[in-house]
Amino acid sequence: MSQILPVVHILSKVLMLFAFAFLLPLGVSVALGDGAQLAYDEAILVTFFSGAVLWLLSRRGKRELQTRDGFLLVVLIWAVLPAFSTIPLLVYLPEMSFTDAYFEAVSGLTATGATVMSGLDSLPPSINIWRTQMHWIGGMGVIVLVVAVLPMLGVGGRQLFKAETPTPMKDSKLTPRMAETAKGLWQVYALITIACMLSLWAGGMNWIDAVVHGFSVMGLGGLSSHDASMAYFDSVLLEIIVMVFALIAAISFSTHFMAFRTRSLLTYRHDAEIPWTFGVLAASILGLTFFLLYKGFYLDFPEALRHAAFNTVSVATTLGFATTDYNVWPYFAPLWMLFLSSFIASSGSTGGGIKMLRAVLLYKQVYRELTKLVHPSATVHTKMGTQPVPPKIIYAVLAFLFIYVASIVVLSFTLSASGLDVFTAFTAVVAMVNNTGPGLGQVGPASNYAVLNDFQTWVCSFAMLLGRLEFFTLLVVLTPVFWRK
Amino acid sequence: MKIIILGAGQVGANLAESLVAENNDITIVDLDATRLALLQDRFDLRTVLGHAAHPSILKKAGADDADMLVAVTQSDETNLVACRLSATLFNIPTRIARIRSNDFLGLEAGFLAEHFGVDDVISPEQEVTETLRRLIEHPEALQVLDFAGGKIRLVAVRAYHGGPLVGHELQDIKRHMPDVDCRIPAIYRRDRGIVPKGITVIEPNDEVFFLARKQDIPSVMRELRRMERPVKRVMIAGGGNIGRRLAARIERDYDVKVIDHNRTVSNLLAEQLHHTLVLQGDATDEDLLEQENIEAIDVFCALTNDDEDNIMSALLAKRMGAQRVIALINRSAYVNLVQGGEIDIAISPAQATVGPLLSKIRRGDMAAVHSLRRGAAEVLEIVVHGDLKTSKVVGRRIGDVALPEGASIAAIIRGDDVLIAHHDTLIEAEDHLIVFALNKRIIPKVEKLFQVGFGFF
């Protein structure tokens, strides 16, 4: 018990802080008088006092945190905050089960964007704002988690960002102190979010929709205030705005941070992931456009390009908005989009999957092995940009890939054993683990996750957390070795 | 001239050798007593044992009344400090430093002069790398020299049977290539120099020097010999300083493979080079060469530190089918031994370094001096000053300049323009003349011709 007390102590502080997150929907609710005000009052009180009680109880266990505590803290924060986030939903919608509410909250905080709720258009605006605000908070958490915390814990090749720089700029630890780094990243994140919301508003959304979708886009979440998602607006301009900001959010925030700090766009040229992300996306969009034209799904090029581009960018960056029910496209197209979502987003972005950096490293490692086969005496290093990557990082990335694939396999089997059809089970797990949102089959973009039974819903919640916490962080806490003294 | 050389390594020793041969008083400073003893035995010079950047040692070496200091130790920092000291403490008029690191070389022009008292920088590795790069660019050439920032080049090429111009008189060039302006200042036939005239006939196996604009060089060469296939694949044996620089310089333009036997060096190479295939192994290992497709290699460069290794691996590569082989050879005895045999080109790093220094010790205003044919001949880039009265050159037509036998004016660089020399070209003040001297004996006469008379001051 003494082992987890200091962790609980920090958690209690986070909880008390988190209580303030309900102020925004509360304010909106009061201003609009949408009738959900009580839900937030209750949420604030319960969250704050739970935090306070925990704080009093754990006061004596206060000590410096160790690396091992870091894992537990991260997992606890990500598992406990969704529980408190359910309060407004449970209070306002009494018929909703805790299982579903927790799924919705995890989907929000992990910026996945899968929903079990329908009739979104008739919900009070403040509830929709809360749902997507979770995306935004989650995205903020992920950026700091990935840029500042995971490198310290050494998860899945993340040390790359600590000791080695993937770019020629020898300034990868952005500022000397972690708190300073976090502050800088959040400022950039907040600025871009405001820009996104203003653009959406100027593009024709009303201000509530602009806020809701701004939160959703920047966190690369995918919850919307409309059942029809982006198709509700049917506006090419809005779709372009969403695509642009989704791509911005899929770029590493360290790069944004450096660009803001040096006031030059040159930093983007040095980012080793950007060319790959944009190259693969552009090729995929063009390919899918012609594929859909060839299959006769769309008759003219602009229409095909519009849907292929938006849905590919949206799914691949793990945002998860849709302009059309791509579930009815020939399966190759949506499966390819889902496949892209497993690696398109940059590390240090709010997107999910294994991240472009790892994918590029794996590709280069394979290329290196091939070169070694042709030239047995060759000395070849796997490089990121111009920087050689040490073998231990390659091993970590390989292990990461293994655990990623293994998780998908195990969870897919679990879901299909529980009664889902294999296609739905597989695509649901991929969409969960990548934090994309909509899967295919029964959980496609036009339907939602309400079809799952309780057990399946819990498995999906677990899968989202697993993907968001980069597998190792969550799994290590579940090993007996972790708890042995 | 009284010259102090700091550092008795390869560069220092070669430098001492050439400078002693030109009647200079040389003092050489080094930390290694055996090396100094060896030099003292071979040449007529003075040696001082000690650290080259220590004031007491410099004083001992005669810094008080020296005319020139040449700092060519292995360490850039030592060289820089020595130049600073000799400028401040001893007022040596001319100070030259060898700089290897790109960090220093990348500083803005004039920085080293202002803050470290370095009048001129020489970088032997860089010189050799550039020489090699030009040879790879023109694989048929024996030697390629840049003038006017590379706008015109002097190229040595061996004439072969089958070249359209071979067996014809020189004046036919104009008929063969009406739009190409080119000049042939010298031909070596069986190692004897000829200043060619319009009626001179080019014979097979002549070593022809010609000067032309960069873009015209392939068409002139095509007149003299059958062209080889364009260079695509280059193999470099030895990943030392020169091998690494060369690979880094050309890896974007050619398909480059580097062989080095040292694991640490190969690792370093693989880290620093991004488009080069680094192989760890022995360049004289037949199996390795075969495995790496030696017969498809267009240019093989043997660039290790070891002359014998370079010769052997170059011979082996040639025997196994490499199109053209270049060997880096330090000992001048070996250079004469191998060049022109199976090894196509022998490059002596010393020659590449000595050239720039020679321009500093010559009388008259020399912008550049290049040694040709292993020091037997020279090309000088001379700046002419004065007017019709004070100078024997300015204001006259090229045909009227009383050049000594064996010397010829090949081209004139005037501001940004390049004029290929003709009989009636008028020489103006501040022109840079490119003068070809068939052999070294006539150089003092050339120097004298271009010196400005007393009336100028």
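The values are calculated or read from the model by the stated rules, or taken from the named source; none is laboratory data. All values reported here derive from a predicted model rather than from experimental measurement. FYI the Cβ positions are ideal-geometry reconstructions off the backbone, even for glycines, and counts take in every protein chain you see.
Considering A:VAL80, A:VAL146, A:VAL142, the condition of being in contact with a Ser or Thr (Cβ under 6 Å, 6 or more places away or on another chain) and aliphatic (A, V, I, L, M) is satisfied by A:VAL142 alone. Criterion first (farther than 23 Å from A:ASP454 by Cα and exposed (fewer than 14 other Cβ atoms within 10 Å of the Cβ)) does A:GLN37 satisfy it? For A:GLN37, the condition - farther than 23 Å from A:ASP454 by Cα and exposed (fewer than 14 other Cβ atoms within 10 Å of the Cβ) - is not met. Of the helices (runs of 4 or more DSSP H) contained entirely in the range B:1-76, those carrying at least 2 residues that are touching a residue at least 60 places away in the same chain (Cβ under 8 Å) and out of contact with any Leu (no Cβ under 6 Å at 6 or more places or on another chain) fall at B:10-21.
Among residues of the range A:173-196 that are surrounded by fewer than 14 Cβ atoms within 10 Å (Cβ to Cβ), those with a Cβ under 9 angstrom from a residue that is modelled with pLDDT under 75 and not in a helix (DSSP H, G or I), sequence gap 6+ or separate chain, pair up as A:GLU180/A:LEU174; A:LYS183/A:THR175.
Check the range B:326-336 and report whether any residue there is more than 14 Å from chain A (Cβ to nearest Cβ) and more than 25 Å from B:ALA141 (Cα to Cα). Checked the range B:326-336: no residue is more than 14 Å from chain A (Cβ to nearest Cβ) and more than 25 Å from B:ALA141 (Cα to Cα).
Identify, by number, the condition in (1) under 30 Å from A:LEU185 (Cβ atoms); (2) within 14 Å of another protein chain (Cβ to nearest Cβ) that A:PHE400 doesn't meet. Tallying (1) under 30 Å from A:LEU185 (Cβ atoms); (2) within 14 Å of another protein chain (Cβ to nearest Cβ), A:PHE400 fails exactly one: (2). Where strands (runs of 3 or more DSSP E) sit wholly within the range B:134-215, those with at least 3 residues that are free of Cβ contacts under 8 Å to residues at least 40 places away in the same chain occupy B:182-189. Taking the condition touching a Phe, Trp or Tyr at 6+ places or on another chain (Cβ under 8 Å) and under 24 Å from B:ILE184 (Cβ atoms), does B:LEU372 pass? Yes; evaluated as a whole, the condition is true for this residue. Filtered by the rule that a residue be among the aliphatic types (A, V, I, L, M) and not in a strand (DSSP E or B), the range B:365-392 gives B:ALA376, B:VAL384, B:LEU388. Which ones in the range B:247-268 are within 11 Å of chain A (Cβ to nearest Cβ) and either under 26 Å from the mean Cα position of the chain (by Cα) or in a loop (DSSP other than H, G, I, E, B) (or both)? Result: B:LYS257, B:VAL258, B:ILE259, B:ASP260, B:HIS261, B:ASN262.
In the range B:277-290, how many are polar (S, T, N, Q) and either outside any loop (DSSP other than H, G, I, E, B) or at the interface with another protein chain (Cβ under 10 Å from one of its Cβ atoms) (or both)? Of the residues in that region, 1 qualify. Residues that are touching a Pro at 6+ places or on another chain (Cβ under 7 Å) and either charged (D, E, K, R) or in a loop (DSSP other than H, G, I, E, B) (or both) within the range A:346-381 comprise just one, A:HIS381. I'm checking my understanding of the structure. Among residues of the range B:291-318 that are among the charged types (D, E, K, R) and over 23 Å from A:HIS381 (Cα atoms), which one is farthest from the other protein chains (Cβ to nearest Cβ)? Ranking the candidates gives B:ASP307 first.
The condition of being surrounded by fewer than 19 Cβ atoms within 10 Å (Cβ to Cβ), touching an Asp or Glu at 6+ places or on another chain (Cβ under 9 Å), away from chain B (no Cβ under 14 Å) and not acidic (Asp, Glu) holds for only one of A:LEU305, A:LEU293, A:LEU335, that being A:LEU293. Just one of the listed residues (A:VAL366, A:VAL374, A:VAL405) is surrounded by fewer than 22 Cβ atoms within 10 Å (Cβ to Cβ), within 14 Å of another protein chain (Cβ to nearest Cβ), without any contact (Cβ under 8 Å) to a residue 60 or more places away in the chain and of a type in the set (Val, Ile, Thr), and it is A:VAL374. B:ARG397 falls short on exactly one of the conditions (1) basic (Lys, Arg); (2) more than 19 Å from B:ASP365 (Cβ to Cβ); (3) surrounded by 15 or more Cβ atoms within 10 Å (Cβ to Cβ), and that condition is (3). Take the conditions at pLDDT 90 or above, closer than 13 Å to A:ARG131 by Cβ, surrounded by 18 or more Cβ atoms within 10 Å (Cβ to Cβ) and aromatic (Phe, Trp, Tyr) and apply them to A:PHE48. Does it pass? Answer is no for this residue.
For the range B:293-332, the tally of residues that are surrounded by fewer than 21 Cβ atoms within 10 Å (Cβ to Cβ) and in a loop (DSSP other than H, G, I, E, B) stands at 9.
Residues that are basic (Lys, Arg) and within 19 Å of B:ILE236 (Cβ to Cβ) within the range B:120-166 comprise B:ARG133, B:ARG134, listed in sequence order. Look at A:LEU247 and say whether it is at pLDDT 90 or above and under 16 Å from the mean Cα position of the chain (by Cα). Yes. With the condition kept exactly as written, say whether any residue in the range A:419-430 is modelled with pLDDT under 90 and touching a helix residue (DSSP H, G or I) at 6+ places or on another chain (Cβ under 7 Å). No, the range A:419-430 contains no residue that is modelled with pLDDT under 90 and touching a helix residue (DSSP H, G or I) at 6+ places or on another chain (Cβ under 7 Å).
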